[in-house]
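The next block holds one structure in the form of structure tokens; read it before the comments.
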Amino acid sequence: MTADHLKCKECGRTYPLEALFVCDYCFGPLEVAYDYDKIRRRATKDRIAHGPSSLWRYADFLPVESRPQVDLQAGFTPLIKADRLAAELGLKKVWIKNDTANPTHSFKDRVVAVALQRALELGFNVVACASTGNLANSVAAHAAASGTEAFVFVPANLEIQKIIATAVYGVNVVKVRGNYDDVNRLCTEIAAEKNWAFVNVNVRPYYAEGSKTLAYETAEQLGWRAPDKVVVPVASGSLLTKIHKGYWELGEVGLIRRKAPVVCGAQAEGCGPVATAFQQEQEHIKPVKPDTIAKSLAIGNPADGIFALEVARSTGGVIENVTEQEIVDGIKLLAETTGIFTETAGGVTTGVLAKLAASGKIHATDEVVAYITGDGLKTLDAVSGTLTTFEIDPSLSEFEEQVLEGTATDKVNAEEAAMDESTPDAAAGQREKDLKGASH
Ligand SMILES: *Cc1c(COP(=O)(O)O)cnc(C)c1O
Ligand SMILES: [Zn+2]
């Protein structure tokens, strides 16, 4: 293993690689620290290219003894050049990292894959989590795949799609009457009582490292370089800080030229404590009560918010937020220009991308990667009331009257019809001439 120890992010004290997550001295969060010389020697571009088509191709950068025996092959999702979206926004080089294409359709499969493997290595036989939804789906699926018992705690008002897509795996689903911050507090209490691996509580340092693979993959898919700017959704702030760490590490071990991208964060106005702190230039994050359709980002008291703020500031980025309407518009804009249907979190990301392009904070020539972290089928209600469809009896006249009439394509159809009318006449005339010619 290239991971060497856990280190307090506040005071720098070090700890062994066990199920520890806060510093005994200052209560700061612990983070995995590596022996970068070891990684530099091992992780060549060639070795990575010959690795599996999953996040495990970067196992040398992850805090595990070995790859799992059985797992869902999360990661190595497509990086899509989004030219039509770029044109719409007045930009030239926009890429979408499509993390909807994961086993349970969100980026959470990355963090869970790493957390579960480390939890099993540390001897745990029950996994658990406090979830805003996607983590629940992923913990349940990974637990099922590996045959591990699981307890999954979610806010009781979660989208039904996410509850079903968790319970189907046969795990214990506990709906807590409260918001995510209440669920998280409860789980911290249970974690102190039970010898369970709560992926985002007592094994959080390992869990969080999984997000770095989003940076590694992007760099590899771009031909081993970093983009100029990235846009990343922010809930607890962990994902954003780890994408930054991932690019930094690639520079550190010489796989890309040392160039940290400008890191921009995306939140919903209805739960934007990090964006507010950024805008008001505060040093602390004031917790809020979430009220947004972007439930996967609805963390009012973000554990890593302060670190996300630091990353945005130190790289020259921003943390921006969008309204509920802009979230819906963002979902539709992405779908209509790229063919990628994202959940509300991706609507937040796309909305912020559009806002930053409009305000000039992202320049026309910047190469930008937007991280789309979850699938639209998870939050159908967010858009269902805003879409138009036709319903007709199976008859041609109904189709013509109800569908073609008054639609945008109607004019085109009318023109085509006019051409069709003239063409047969002309063709018939020509045939007549030909016939006459032949008879003479
Ligand atoms: C959890 C989640 C995030 C953000 O995660 P944090 O690391 O807590 O900031 C982003 N997008 C989706 C879809 C998520 O489920
Ligand atoms: Zn400390």
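Looking at TRP95, TRP56 in this structure, which one is part of a strand (DSSP E or B) and either over 17 Å from VAL203 (Cα atoms) or within 18 Å of the chain's Cα centre (by Cα) (or both)? Every option except TRP95 fails the conditions. Considering only residues in segment 223-240 that are among the aliphatic types (A, V, I, L, M) and out of contact with any strand residue (DSSP E or B) (no Cβ under 7 Å at 6 or more places or on another chain), the one that is nearest to ILE372 (Cα to Cα) turns out to be ALA235. The residue that is nearest to ligand 2 (Cβ to nearest atom), among those in segment 1-37 that are of a type in the set (Lys, Arg) and free of Cβ contacts under 8 Å to residues at least 60 places away in the same chain, is ARG13. Restricting attention to segment 261-292, the residues being surrounded by 20 or more Cβ atoms within 10 Å (Cβ to Cβ) and either modelled with pLDDT under 95 or among the aromatic types (Phe, Trp, Tyr) (or both) number 2.
Condition check ((1) in the same structural domain as ILE362 (by TED's automatic domain parsing); (2) part of a strand (DSSP E or B)) across all residues:
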{"residue": "ASN202", "(1), (2)": "no, no"}
{"residue": "ALA215", "(1), (2)": "yes, no"}
{"residue": "PRO227", "(1), (2)": "yes, no"}
{"residue": "VAL230", "(1), (2)": "yes, yes"}
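Each residue in segment 197-227 was checked for being modelled with pLDDT of 95 or more, more than 12 Å from ligand 1 (Cβ to nearest atom), out of contact with any Pro (no Cβ under 6 Å at 6 or more places or on another chain) and not aromatic (Phe, Trp, Tyr), and 13 pass. Just so you know, in segment 294-314 the residues that are more than 9 Å from ligand 1 (Cβ to nearest atom) and β-branched (Val, Ile, Thr) include one that is surrounded by the most Cβ atoms within 10 Å (Cβ to Cβ), and it is VAL311. Take LYS7 and tell me if it is in a strand (DSSP E or B) and either on the phi > 0 side of the Ramachandran plot or within 16 Å of ligand 1 (Cβ to nearest atom) (or both). When the stated conditions are applied, LYS7 does not pass them.
Each row is one residue, and each column tells you yes or no for (1) polar (S, T, N, Q); (2) away from ligand 1 (no atom under 13 Å from the Cβ); (3) in contact with a strand residue (DSSP E or B) (Cβ under 9 Å, 6 or more places away or on another chain).
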position: PHE61; (1), (2), (3): no, yes, yes
position: PHE76; (1), (2), (3): no, yes, no
position: ALA82; (1), (2), (3): no, yes, yes
position: ASN98; (1), (2), (3): yes, no, yes
position: VAL126; (1), (2), (3): no, yes, yes
position: ALA141; (1), (2), (3): no, yes, no
position: ALA144; (1), (2), (3): no, yes, yes
position: PHE151; (1), (2), (3): no, yes, yes
position: GLU159; (1), (2), (3): no, no, no
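Applying the criterion of being among the small types (Gly, Ala, Ser) and touching a residue at least 24 places away in the same chain (Cβ under 8 Å) to the residues of segment 334-356, the residue that is surrounded by the fewest Cβ atoms within 10 Å (Cβ to Cβ) is ALA335.
Criterion applied to ALA82, ALA86 was being free of Cβ contacts under 8 Å to residues at least 12 places away in the same chain and more than 25 Å from PRO63 (Cβ to Cβ), and the one residue passing it is ALA86.
The values are calculated or read from the model by the stated rules, or taken from the named source; none is laboratory data. Not measured: the values here are computed from a predicted model. Please note: Cβ atoms are built from the backbone with ideal geometry, for glycine as well, and neighbour counts cover all protein chains shown.
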